[in-house]
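Q: My questions all concern the structure below.
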Amino acid sequence: MLSVNEILKTVPFGQKTLETKFKKMVGLTPGKYIQIKRFVNLMRKYEKEQIDLKDLIYMYDYYDESHFAKDFKLFTSKSFKNYFQEDYILVKKALKNNSYDFLQ
């Protein structure tokens, strides 16, 4: 995954200017955009391919499972275990149908 530091190496301005310009264009800071993009990509891959979650967590550059768990709770308001015990048809459908085209 791309990092803010890697973006800064390719643009002719500093982090604050990057964040300001990026947020004005996208509506999010680069860091938040990357965080969301990483989470959505991981969830899509998990839903489509049924890869072991632990493998995906490391494949998508999470430090460890607790790091992923924090993002999961942030974006879904549920723990991973509780989330998949309930039926979130609309969210699952959106992930499968690539409804987050702005993140691609």
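The values are calculated or read from the model by the stated rules, or taken from the named source; none is laboratory data. Everything numeric here is computed off the predicted structure, so don't read it as measured data. Cβ coordinates were reconstructed from backbone atoms using ideal geometry, including for glycine residues, and neighbour counts include every protein chain displayed. Areas reflect the complete protein model, heavy atoms only, side chains present, ligands, DNA and RNA absent. Shrake-Rupley method; radii C 1.70, N 1.55, O 1.52, S 1.80 Å.
Q: At what distance in nm do the modelled label points of Tyr63 and Val4 sit from each other, each positioned 7 Å from its Cα along Cα→Cβ?
A: Reported label-point gap for Tyr63 and Val4 is 1.5 nm.
Q: So, one more: Can you tally the net charge around Val4? Count Lys and Arg as +1, Asp and Glu as -1, for every other residue whose Cβ sits under 14 Å from the Cβ of Val4.
A: Summing Lys/Arg as +1 and Asp/Glu as -1 gives +4.
Q: Tell me the per residue accessible area of segment 6-79 using a 1.4 Å probe; a whole number in Å² is fine.
A: Using a 1.4 Å probe on heavy atoms only, each residue of segment 6-79 averages 64 Å².
Q: As a test question: what accessible area, to the nearest 10 Å², does Thr17 have when a 1.4 Å probe is rolled over all protein chains in place?
A: In the full protein context, Thr17 sits at about 60 Å².
Q: Still on this structure, please answer the following. In the full protein assembly as shown, how much of Leu8 is accessible to a 1.4 Å probe, in Å² to the nearest 10?
A: 40 Å²
Q: Right, here's the next one. So, taking all protein chains as they sit and a 1.4 Å probe, how much accessible area belongs to Lys81, in Å² rounded to tens?
A: 140 Å²
Q: Using 19 Å as the cut-off for backbone N distance, which residues of segment 30-61 belong to the label zone defined by a point 7 Å from the Cα of Gln15 along Cα→Cβ?
A: 30-36
Q: Can you work out ³J(HN,Hα) from phi for every residue in segment 68-73, in order, using Karplus 6.51 cos²θ - 1.76 cosθ + 1.60 and θ = phi - 60°, giving whole Hz and x for Gly and Pro?
A: For segment 68-73, the Karplus-derived couplings read 5, 4, 5, 5, 4, 5 Hz, x marking Gly and Pro.
Q: Now for a separate question. Measure off, as a whole percent, the carbon and sulfur share of the 1.4 Å-probe accessible area of segment 22-87, all protein chains present.
A: 51 percent
Q: Any of Lys16/Lys45; Lys9/Lys78; Lys16/Lys81; Lys45/Lys78; Lys23/Lys70 with alpha carbons more than 31 Å apart? Name them for me.
A: In this structure, Lys16/Lys45; Lys9/Lys78; Lys16/Lys81 exceed 31 Å between Cα atoms.
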